[in-house]
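What follows is a set of notes on a single structure, which appears directly below.
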Amino acid sequence: MKKIIKCFIQLFIPALLIGCSPSESPTTDLPELSFQESFQTQLIEAEPGSIIEVPAGVHNFSRSLSLTVSGVTIRGAGMDQSILSFANQAQGAEGLLVTADDFVIEDLAIENTIGDALKINESKNVIIRRVRTEWTNGPDPENGAYGIYPVQSQNILIEGSVAIGAADAGIYVGQSSQIIVRNSRAEYNVAGIEIENSTFADVYDNVATNNTGGILVFDLPNLEVQGGQSTRVFNNEVYRNNTENFAPEGAIVGNVPPGTGLLILANDNIEVFENQFWDNNNVNIMIYSYTLGGRKIEDPNYDPFPEQIYIHDNEYRGGGTIPRHRLLVAWHEIAQVNTPNIVWGGLVKEGNDSATIVCLGLNSSVSFLNLRGGLDPENVSYDPTPHNCVLPRLTAIDLDSPGDD
């Protein structure tokens with residue numbers, strides 16, 4: 001009998017231990033929950049100089065994250081390795097909202113937020129490096145508006161980043177100053193890269209493709225900061241931006257015609273050079289006043305006219321095969337030719353010399369269309385000769401921010 005009991009104990013106890021083994025217990029969600037809690041705690045308790053690491057893996061969040069402490073770095077293991085997923089977000093308007101100076105975020109992704117993915121507000125010295133924002137279901141008006149979204153900020157570097165699927169702009173910098181956007185990719189957004197109501201920006205060595213509009217340089221009324229100027233757009237590849245506009249109803253970017261490479265609206269002192277534009281079906285480059293087509297202005301402080309736009313030494317291949325801008329459609333029905341590479345709306349502020357509104361360099365042979373206000377689609381000009389001029393070259397942006405390498 002003792003031998004039977006001893007054998008039973010020898011068999012039962014190992015089985016009990018095996019049954020209670022941690023590897024067999026249903027705790028697969030605990031590490032993820034622990035990281036969610038610890039990450040938000042680290043953001044709340046951060047001090048200047050803190051480095052918050054995001055390990056490789058998909059980390060699911062159900063509510064917005066925020067940071068208000070200056071001098072913090074958030075660092076992942078790579079934009080395709082460390083993923084902050086908001087696919088089940090139930091609370092908050094952003095994925096990550098930062099209101100803090102001397103902020104660095106790098107090597108991670110933010111996916112499927114209800115609203116904006118990464119918003120930086122009223123901050124100085126911001127570095128966004130190798131960050132991906134994406135809505136993985138593709139173009140959809142239900143996607144969040146902005147991917148990478150610094151606003152009312154100063155000294156901003158965005159580099160090596162990717163933005164996909166935003167229902168407004170993938171990479172957007174608004175009402176800000178001293179900006180560099182470089183070596184980044186914007187794809188399947190309504191606007192790929194947008195500089196709006198901002199001053200002193202360099203946008204270069206980027207790829208903008210498969211958006212509705214590739215690159216936008218806008219100045220709009222009824223915003224706290226106006227007078228957008230001094231942006232250089234150079235060494236970019238801007239091609240096949242032919243995605244149908246999927247902006248939600250009422251968004252100003254909903255007016256961007258599909259097939260637009262570069263759109264300059266009511267902005268001043270812009271230099272566009274050494275870019276490659278190809279196969280943008282509406283138009284490769286278009287410049288016009290906010291009032292083109294009869295749009296009314298209620299803001300008395302707003303200047304709707306672009307001035308001193310210098311476009312030179314770019315390469316163009318194809319494009320203009322399917323005009324979609326309302327005035328270009330009316331013109332095309334009569335002209336029955338592809339849209340020229342550069343289109344100017346033709347409206348001029350009273351007292352200005354129209355020849356210096358748009359300069360195309362000396363002896364330019366680029367195809368050109370002046371809509372002359374668009375009131376009569378037969379009364380247009382294709383002659384670039386009045387615009388064979390040069391303007392002073394804009395100086396490079398020199399950011400006074402840490403980590404600008």
Report the residue, chosen from P386, P377, P55, that carries the largest GNM mean-square fluctuation when the chain is represented by alpha-carbon nodes joined by springs under 10 Å.
P386
Using a cut-off of 16 Å between alpha-carbon atoms, which aspartates and glutamates can reach K124, once sequence neighbours fewer than 8 places away in the same chain are excluded?
D101, D102, D398, D400, D404
Helix 30-45 versus the longest principal axis of the chain: what is the Cα-based angle in degrees, 0 to 90, to the nearest 10?
60 degrees
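Over the chain, calculate the relative contact order: mean separation of alpha carbon pairs under 8 Å at least 6 apart, over the residue count, as a percent. Please list the in-between numbers first.
Working: 1202 pairs, mean separation 35.2, N = 405.
That works out to 9 percent.
Fewest Cβ neighbours within 10 Å first, please rank T73, T395, T243, T133 accordingly.
Details: T73 17, T395 10, T243 20, T133 32.
With the sparsest Cβ surroundings first, the list reads T395, T73, T243, T133.
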Hey, quick one: spin label on L375, modelled 7 Å out along Cα-Cβ, who in the stretch 292-318 has an amide N within reach, i.e. under 12 Å?
293-294
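If you take the beta carbon distance between R63 and W278 as r and set R0 to 56 Å, what does 1/(1 + (r/R0)^6) give as a FRET efficiency, to the nearest 0.05? Working shown, then result.
Numbers: r = 43 Å, r/R0 = 0.77.
The formula returns an efficiency of 0.85 here.
Determine the dipole magnitude for the chain: charges of +1 sit on the beta-carbon of Lys and Arg, -1 on that of Asp and Glu, nothing else is charged, the reference point is the Cα centre, and the result goes in debye to the nearest 20.
Numbers: 22 positive and 51 negative charges, 253 e Å.
Here the size comes out at about 1220 debye.
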Please list, in order, the residues from the stretch 83-113 whose amide nitrogen is less than 19 Å from a point placed 7 Å along the Cα→Cβ vector of N222.
none
Using a 7 Å offset from the Cα along the Cα-to-Cβ direction at both E333 and N137, what is the distance between the two label points in nm, to one decimal?
3.7 nm
A251 versus Q40, label points 7 Å from Cα toward the beta carbon: distance in nm?
2.7 nm
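Using a Förster distance of 35 angstrom, determine the FRET efficiency expected from the C-beta separation of D205 and N363, and round it to 0.05.
Details: r = 28 Å, r/R0 = 0.79.
According to the calculation, E is roughly 0.80.
Every number in this text was worked out from the coordinates using simple rules, so none of it is lab data. Remember, predicted model here, so these are calculated numbers, not experimental data. Here the Cβ is made from the backbone with ideal geometry for all residues, glycine too, and neighbour counts use every protein chain on show.
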